[in-house]
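Below you'll find the structure, written out as structure tokens, and then a few comments.
The values are calculated or read from the model by the stated rules, or taken from the named source; none is laboratory data. Treat the numbers as computed from the prediction; the structure is a model and nothing was measured. All Cβ positions, glycine included, derive from the backbone under ideal geometry; neighbour counts span all protein chains shown. Note: accessible area is taken over every heavy atom of the protein model, side chains too, but ligands, DNA and RNA are not part of it. Shrake-Rupley method; radii C 1.70, N 1.55, O 1.52, S 1.80 Å.
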Amino acid sequence: MTAMTTTPAATGTTRLLIVSASVRPTSAARPVAGWVAGQARARGGFEVAEVDLGELALPFLDEPEYASSGIYTHQHTRDWSAVVDAADAFLFVLPMYNAGFTAPFKNAIDFLYREWEGKPVGLVSYSAGPSGGAPAAEMLRPVLTRIGMLPAERSVAIPGINELVGDPAGGFRAPEGLAQELAGVLDEVAAKAAVTA
């Protein structure tokens with residue numbers, strides 16, 4: 001996990017946290033998130049950090065108090081809180097399992113409340129099939145709205161993920177036009193972050 005610093009970002013820079021929202025050891029979320037991070041850095045205007053839910057290894061929600069209280073008993077919650085709190089905006093890279101998003105990702109969201117509020121978020125979904133995980137992203141939107149996040153209207157859906165990852169270098173081969181789609185999402189996230197700053 002790449003922890004974000006808690007120091008203020010440079011003027012005009014949005015602290016963007018890219019979350020790889022799968023805990024499977026062979027997940028495609030990692031190479032996709034790495035590609036997304038590279039695109040965000042190349043765009044400029046972002047201080048980019050990444051977090052991998054597999055490395056974070058949160059247990060099932062085990063705090064005695066409601067997340068909205070901000071009272072955290074466990075160090076793993078305080079650590080996760082610090083990472084999320086340091087971000088101004090987010091990009092979530094998520095797989096689709098059975099037409100939905102993953103239980104570990106919902107769990108990671110539910111640990112916190114105030115830390116998410118008022119912050120913009122973009123969604124990058126993927127799947128082995130033709131939907132590109134778009135149904136999972138649409139299922140996630142009401143959850144994000146409920147915790148006070150500001151989802152970008154645009155999103156990125158990547159179909160046929162099995163053909164795009166798994167090369168010897170372990171990278172992600174972005175299909176033609178995907179960088180432009182992501183650029184639109186990044187632009188929207190940056191614009192929302194500028195308004196809420």
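The residues of region 35-53 that are surrounded by fewer than 17 Cβ atoms within 10 Å (Cβ to Cβ) and assigned to a helix (DSSP H, G or I), listed by number, are GLY38, ARG41, ALA42, ARG43.
Selection of region 80-126 for residues being touching a helix residue (DSSP H, G or I) at 6+ places or on another chain (Cβ under 6 Å), at negative phi and open to solvent by 10 Å² or more (accessible area, probe 1.4 Å) yields ASP88, MET96, PHE101, PRO104, TYR113, TYR126. Restricting GLU181, GLU188, GLU176 to residues that are farther than 21 Å from VAL48 by Cα and of a type outside the set (Val, Ile, Thr) narrows the list to GLU176.
When GLU188, GLU153 are screened for being within 16 Å of the chain's Cα centre (by Cα), loosely packed, with under 15 Cβ neighbours inside 10 Å and in contact (Cβ under 8 Å) with a residue 24 or more places away in the chain, only GLU153 passes.
Checked against (1) free of Cβ contacts under 8 Å to residues at least 24 places away in the same chain; (2) over 22 Å from ALA86 (Cα atoms); (3) under 16 Å from the mean Cα position of the chain (by Cα), THR145 passes all but condition (2). Is it the case, given these coordinates, that PRO135 is over 21 Å from GLN39 (Cα atoms) and of a type outside the set (Phe, Trp, Tyr)? Judged against the criteria, PRO135 is a match. Filtered by the rule that a residue be open to solvent by less than 50 Å² (accessible area, probe 1.4 Å), assigned to a helix (DSSP H, G or I) and not aliphatic (A, V, I, L, M), region 55-79 gives a lone residue, THR77. Can we say ASP85 is over 23 Å from THR196 (Cβ atoms) and charged (D, E, K, R)? The answer is no for ASP85. The residue of region 83-125 that is farthest from GLU138 (Cα to Cα), among those that are part of a strand (DSSP E or B) and without any contact (Cβ under 8 Å) to a residue 60 or more places away in the chain, is TYR97. The residues in region 140-193 that are among the hydrophobic types (A, V, I, L, M, F, W, C) and either at pLDDT below 95 or not in a helix (DSSP H, G or I) (or both) can be counted, and the count is 12.
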